[in-house]
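The values are calculated or read from the model by the stated rules, or taken from the named source; none is laboratory data. All figures in this text were calculated on a predicted structure; none of them were measured in a lab. Here the Cβ is made from the backbone with ideal geometry for all residues, glycine too, and neighbour counts use every protein chain on show. Please note that ligands, DNA and RNA were not included when accessible areas were found on the heavy atoms of the full protein model with its side chains. Shrake-Rupley method; radii C 1.70, N 1.55, O 1.52, S 1.80 Å.
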Amino acid sequence: MELKIENLTKTFQGAEAVSHMTCTMEKGVYGLLGANGAGKTTLMRMLCTLLEPTAGSICLDGEDIFRMGAEYRKILGYLPQDFGFYPDFTVRDYLLYIASIKGVHRTAAVRRVGELIDQVGLSKAQNKKMKKLSGGMKRRAGIAQAMLNHPSVLILDEPTAGLDPNERVRFRNLLSELAQDRLVLLSTHIVSDIESIANEILFMKEGVLLHSGTPEEIIEAMPERVWGLTVSVREASAYDRRYRVANRKTVPGGIRLRILSEEKPHPEAEEETATLEDVFLSYSEEEESACDESGE
């Protein structure tokens with residue numbers, strides 16, 4: 001299976017939300033990273049045929065997904081950031097209702113709903129009304145509805161929002177299992193969720209695909225290096241002004257700084273191993289700085 005995006009562009013009122021994006025995805029987990037406004041949700045909505053591109057194409061195994069229409073949507077699972085539900089439906093009734101909309105036969109739907117309720121950890125809550133669920137439980141129900149039709153392409157927009165650490169571990173393990181025979185694309189602001197399970201990262205900035213590759217390749221491409229340095233409380237503010245500081249931690253003798261810089265910020269600074277979170281912060285802060293300088 002190959003999902004090919006070629007020269008994909010989406011314009012809203014003259015502004016490009018996604019600009020001339022080209023990439024190819026196969027089976028596996030792909031993590032979509034980028035600051036707010038990077039174009040992630042617009043891209044996902046085009047991949048789900050909810051938005052038509054202004055230019056370019058998206059093809060599955062050589063066939064345009066918009067021409068495929070219902071045939072493509074039969075193999076698609078989608079969890080948007082905000083998904084709709086009838087508040088008085090129980091979890092089980094909600095999933096059965098969505099299964100009927102997706103055209104899943106009643107007998108198969110009953111069996112599939114039971115499997116998914118167990119998989120996402122909602123067995124004890126399956127007879128609760130949707131409006132009574134916690135935010136995390138609602139996200140789990142959303143993940144279940146996205147998987148009802150055994151999708152070959154699974155697209156998840158901020159799927160771990162509202163999940164506690166234990167639920168996120170459960171979700172990551174589930175995704176790793178699912179990705180063995182399907183393409184999974186997810187976006188999240190919780191960088192560790194992507195870093196631990198994604199085979200490949202797509203890093204977007206201002207609508208442009210800035211980098212793509214394995215987490216290790218993305219980290220290696222970061223122009224800055226990561227430095228650790230312990231300074232006094234008074235000195236810490238000066239480093240905040242001069243450098244990108246990824247983390248501050250109070251330690252015996254002062255403040256331990258994690259600094260992003262191409263050059264060594266101090267003779268006593270020690271180079272540390274970069275993470276995907278450092279990359280995310282580096283590019284995000286570049287965007288913020290550009291906005292500050294332009295007065296936006």
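Where in the stretch 223-284 are the strands (runs of 3 or more DSSP E), entirely inside, with at least 3 residues that are open to solvent by 40 Å² or more (accessible area, probe 1.4 Å)?
Details: elements: 225-231, 244-251, 254-261, 270-272.
Hits in the stretch 223-284: 244-251, 270-272.
Residues that are more than 28 Å from His266 (Cβ to Cβ), in contact with a Phe, Trp or Tyr (Cβ under 6 Å, 6 or more places away or on another chain) and either free of Cβ contacts under 8 Å to residues at least 12 places away in the same chain or among the β-branched types (Val, Ile, Thr) (or both): does the stretch 208-221 have at least one? Let's see the steps before the verdict.
Here is the first cut: in the stretch 208-221, the residues more than 28 Å from His266 (Cβ to Cβ) are 208-215, 217.
Keeping just the survivors that are in contact with a Phe, Trp or Tyr (Cβ under 6 Å, 6 or more places away or on another chain) gives 210-211.
Keeping just the survivors that are either free of Cβ contacts under 8 Å to residues at least 12 places away in the same chain or among the β-branched types (Val, Ile, Thr) (or both) gives 211.
Checked the stretch 208-221: at least one residue is more than 28 Å from His266 (Cβ to Cβ), in contact with a Phe, Trp or Tyr (Cβ under 6 Å, 6 or more places away or on another chain) and either free of Cβ contacts under 8 Å to residues at least 12 places away in the same chain or among the β-branched types (Val, Ile, Thr) (or both).
Any idea how many residues of the stretch 74-96 are crowded, with 16+ Cβ neighbours inside 10 Å and free of Cβ contacts under 8 Å to residues at least 40 places away in the same chain?
Residues that pass the stated criteria total 3.
Checking the conditions here, which among Glu206, Glu158, Glu217 is open to solvent by 10 Å² or more (accessible area, probe 1.4 Å) and under 14 Å from the mean Cα position of the chain (by Cα)?
Glu158
Can you name every residue in the stretch 122-146 that is closer than 21 Å to Val169 by Cβ, within 26 Å of the chain's Cα centre (by Cα) and open to solvent by less than 30 Å² (accessible area, probe 1.4 Å)?
Of everything in the stretch 122-146, those that are closer than 21 Å to Val169 by Cβ, within 26 Å of the chain's Cα centre (by Cα) and open to solvent by less than 30 Å² (accessible area, probe 1.4 Å) turn out to be Leu122, Leu133, Gly136, Arg139, Arg140, Ala141, Gly142, Ile143, Ala144, Ala146.
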